[in-house]
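In what follows, a structure is listed as structure tokens, so that the remarks can point back to it.
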Amino acid sequence: MPNNSEGYVKYTALHIPGPAAEDSLLQNLNEIRTRLYDMGLLGVLPGGVGYGNVSIRFKGPEFLISGTGTGADRILGFDKYCLVRAIDIDNNSISSFGPVRASAESMTHGIIYQRLPAVNSVIHIHSRRIFDGMLRDDYSSTLPDAEYGTPEMARAIIKVINDGNGQAEGIIVLAGHDEGVVSYGPTVERTFSLIQKLNDKYGGKTWP
């Protein structure tokens, strides 16, 4: 089960309120998010703190991501997504636009889109069984001292990407972010399929 520090924004948010995106990209992404919710891989803790999020490339390095505080909803309206326009690791800041603020994990998503132009979707989930199994089986991993939502995590992601020779799809266990796993790929469906395989391998639904 995720701990209660999950879901809190740790960066400087430069957010401009605006209308919901009306892009057809969100329809497919939102359906995948609901499937992840039903699998118990994203959602909300009893105390109301959310965990897990999904995103899709919009144009260039910009991407649409489920907003902070949306974990309780099984199905999201498009007004629960925002557009992240830019991330700045050195200044630990994110620029976003939309009806909600960006997810706490936006910097992790953003650095993947920046570094891997062929990636079009990123999914962040939580699962004790998947997390422990990936660490045990030596999957690609960030350093244990890289905490979620920080520049250190973004830099750790860069290292893993570089070690993997910049492949357009992959899955990373976030060793410093208990139960956290990130997958990325050229399509939403392919990114989700990487999670599905791990979920099947390590025992299925774990929470609630």
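Placing unit charges on the Cβ atoms of the charged side chains and taking the dipole of the stretch 99-208 about its Cα centre, the candidate lying farthest along the positive direction among Thr191, Thr150, Gly133 is Thr191.
From the largest down, the chain spans 44, 34, 30 angstrom on the principal axes of its Cα atoms. Solvent exposure of the chain, expressed per residue, is 43 Å² of accessible area, with all protein chains present and a 1.4 angstrom probe. With a Förster radius of 45 Å applied to the C-beta separation of Asp23 and Arg136, the computed FRET efficiency comes to 0.70. Taking the average, over residues, of other Cβ atoms within 10 Å as the packing measure, peptides 123-130, 136-143, 78-85 rank 123-130, 78-85, 136-143 from highest down.
Using a Gaussian network for the chain with springs between C-alpha atoms less than 10 Å apart, which of these wobbles most: Val173, Val160, Val181? The residue with the greatest mean-square fluctuation here is Val160. When the alpha carbon gyration tensor of the stretch 88-144 is reduced to an equivalent ellipsoid, its three semi-axes come out at 25, 14, 12 angstrom, largest first.
Ranking Gly77, Ala102, Tyr113 by Cα position along the charge dipole of the stretch 75-131, where only Lys, Arg, Asp and Glu carry charges on their C-beta atoms, puts Gly77 farthest toward the positive end. Of the solvent-accessible surface of the chain, computed with a 1.4 Å probe over protein heavy atoms with every protein chain present, carbon and sulfur atoms account for 50 percent. If r is the Cβ-Cβ distance from Glu189 to Asn162 and R0 is 35 Å, what FRET efficiency results, to the nearest 0.05? That gives a FRET efficiency of 0.85.
Label positions at Asp88 and Ile75, each projected 7 Å from the Cα along the C-beta direction, are separated by 4.0 nm.
The values are calculated or read from the model by the stated rules, or taken from the named source; none is laboratory data. It should be emphasised that the depicted structure is a prediction, and the values quoted were computed from it without experimental measurement. Quick reminder, even Gly has a Cβ in these numbers, built from the backbone with ideal geometry, and neighbours come from all protein chains shown. Note: accessible area is taken over every heavy atom of the protein model, side chains too, but ligands, DNA and RNA are not part of it. Shrake-Rupley method; radii C 1.70, N 1.55, O 1.52, S 1.80 Å.
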